[in-house]
1. Over segment 87-127, one equal point on each Cα, no solvent: what is log10 I(q)/I(0) by the Debye formula at q = 0.23 Å⁻¹?
2. So, R0 is 22 Å and r is the distance between the beta-carbons of Asn36 and Val99; what FRET efficiency does that work out to, to 0.05?
Amino acid sequence: ENNNIILLFRKLLPVQIFICMSSCLSGLISGIIIGNFLDSYALTALGFVNPLNSIIGALSSLICTGSGILCGMAMGKGDKKRIDEIFSISMKILFITGVILILVTNIFAFNIAALCGAKTDQIVIAAAYIRGLSFGYLPMIIIPTLITFLQMSNRLVFSLILTVSLAAFTLIYDVLFLKLVSTDLFYI
């Protein structure tokens with residue numbers, strides 16, 4: 001039994017390392033693209049929004065980790081029905097949470113920007129950034145849990161494809177976001 005665990009660990013470790021590197025790469029891509037195309041005024045406003053992103057990332061990690069632990073316990077018992085239930089409930093919770101986040105951050109963008117510390121002259125651009133970023137919240141909170149479940153179901157190739165896709169979509173989303181912000185779409 002210990003040999004099976006060691007083999008599984010060795011099989012999953014490179015995938016986990018790649019996923020962590022890809023996640024860091026996504027952040028690096030965003031930083032480079034946004035840093036090269038926004039002026040210092042916009043970058044300052046963007047900095048005010050980072051605590052919001054951290055809170056949303058923590059919420060996603062909480063659900064991802066919790067559902068992964070519950071799934072692991074069910075796997076240990078061989079309870080496939082419970083694993084399916086955990087996955088379905090997790091996806092429903094994440095989807096509903098994502099939709100609520102999109103709505104709340106769009107409706108209360110100015111209030112959230114002020115709460116994050118933006119001052120009067122930066123609230124407008126910080127609120128625009130919050131609105132633009134909000135449409136990425138749904139995949140941002142769902143994808144880590146999907147990757148976790150794909151790994152647990154021994155679908156490492158799909159997990160890697162999803163991770164690489166996330167990095168690629170981050171690049172596309174950043175460029176698209178910059179184009180939309182520059183056309184004042186989110187300045188409402």
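Rule-based calculations on the coordinates, nothing more; no lab input. Since the model is a prediction, treat every value here as computed from it, not as a measurement. Cβ placement follows ideal geometry from the backbone for every residue including glycine, while neighbour counts extend to all protein chains displayed.
1. Evaluating at q = 0.23 Å⁻¹ gives log10 I(q)/I(0) of -0.69.
2. Taking R0 as 22 Å, the efficiency between Asn36 and Val99 is 0.10.
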